[in-house]
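A short worksheet on the structure shown next.
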């Protein structure tokens with residue numbers, strides 16, 4: 001009689017058992033949970049670098065503007081505006097035409113919007129029309145209303161007389177109770193981690209929240225900049 005091979009339930013050689021497959025899936029899940037926060041941090045760091053690059057471009061363009069205009073910085077007249085407003089409603093001044101069109105031609109919507117999470121909240125592509133022509137998500141610290149300053153007012157009328165450590169441009173960072181708005185906080189009741197800013201001397205860096213201060217107030221909103 002020919003011997004018949006006994007049937008067994010063993011898996012074919014080279015294949016995974018169900019338990020082995022579950023173990024592999026568990027290992028992949030653990031590795032992913034370890035890597036995702038690191039990838040998120042790297043993405044945030046990249047956005048900070050891009051944001052600071054934007055502000056450096058704005059600072060350089062401002063310096064060139066001053067060189068072409070007898071030392072005067074891009075000017076906003078009157079007091080009825082906020083640091084991130086680039087024009088007024090009456091047509092007395094408009095930095096879109098007097099500054100951006102000539103010194104950052106065609107680059108306003110690329111350079112003047114922080115690429116961080118704040119971008120999701122305020123950008124011309126979104127549904128907030130004021131950001132198409134009036135506002136950007138960076139603050140220009142040349143604000144003239146002396147009664148609205150919360151610290152000693154810095155004169156940003158002329159490039160050659162302004163103190164070199166005076167902040168010039170920075171991430172729009174403000175509180176409007178109970179929420180904060182900033183580089184990494186779109187509208188939440190918590191402090192931002194910090195902000196990018198450039199100074200009159202051309203330097204620029206990330207400023208941790210502990211080194212920021214409220215410098216200007218208007219309409220129930222306090223605006224922050226790096227402590228000079």
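Just so it is clear, none of the values below were taken in a lab; they were calculated from the coordinates. Keep in mind the model is a prediction, meaning the values are calculated, not measured.
Miscellaneous remarks
- Between residue 24 and residue 68, the contour length at 0.36 nm per residue exceeds the Cα-Cα span by 9.3 nm.
- Both numbers refer to the Cα atoms of the range 139-227; Rg and Dmax are 12.7, 40 Å.
- Gain on full stretching of the segment that runs from residue 211 to residue 133 - 0.36 nm per residue minus C-alpha separation: 24.9 nm
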